[in-house]
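The values are calculated or read from the model by the stated rules, or taken from the named source; none is laboratory data. Predicted, not measured: the structure shown is a model, and the values here were computed from it. Positions of Cβ are backbone-derived with ideal geometry, glycine not excepted, and every protein chain shown enters the neighbour counts.
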Amino acid sequence: MVSGLPLFDTAKNWKKAGTSSDAAEAAARKAPYWRGKCLEALRVRSMTGDEVAAFLGVDVLTIRPRLTECFNRGLIETTGERRPTPRGRTADVWRVRG
């Protein structure tokens, strides 16, 4: 537990046995590494999920779930600011809590 919240179980995030469960299990093995990288990036500066992904040189689909996990654990928070994404929408800007 972190901040009184249960740990997020990435391995259970699948809909169907086979490729979906295999992908979830692979993500679960790498999730702690990517959560750490997200926190390191957000210690440099506040960023959106797309900005974190670009900063780390990985696909945003690797980063977004890790940011959600960090948020659910109380490790990060939004700044209240929103910035444009490459897809023409806006996204929350994240920072490390405290």
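Within region 45-58, the set of residues being in a helix (DSSP H, G or I) and more than 11 Å from the chain's Cα centre (by Cα) comprises GLU51, ALA54, PHE55, LEU56.
Looking only at residues that are touching a residue at least 24 places away in the same chain (Cβ under 8 Å) and in a loop (DSSP other than H, G, I, E, B) in region 59-81, which one is surrounded by the fewest Cβ atoms within 10 Å (Cβ to Cβ)? Going through the qualifying residues, I end up with GLY74. Put simply, of GLU25, GLU51 the only residue that is in contact with a helix residue (DSSP H, G or I) (Cβ under 9 Å, 6 or more places away or on another chain), acidic (Asp, Glu) and under 18 Å from VAL93 (Cβ atoms) is GLU51.
Take the residues in region 45-58 that are touching a Lys or Arg at 6+ places or on another chain (Cβ under 6 Å) and touching a residue at least 24 places away in the same chain (Cβ under 8 Å), then tell me which one is farthest from PRO84 (Cα to Cα). Selected residue: SER46. The residue pairs whose first member lies in region 18-44 and is part of a helix (DSSP H, G or I), whose second member is modelled with pLDDT of 95 or more and among the aromatic types (Phe, Trp, Tyr), and whose beta carbons are closer than 9 Å, counting only pairs six or more residues apart or on different chains, are ALA27/TRP34; CYS38/TRP94; ALA41/PHE55; LEU42/TRP94; VAL44/PHE55.
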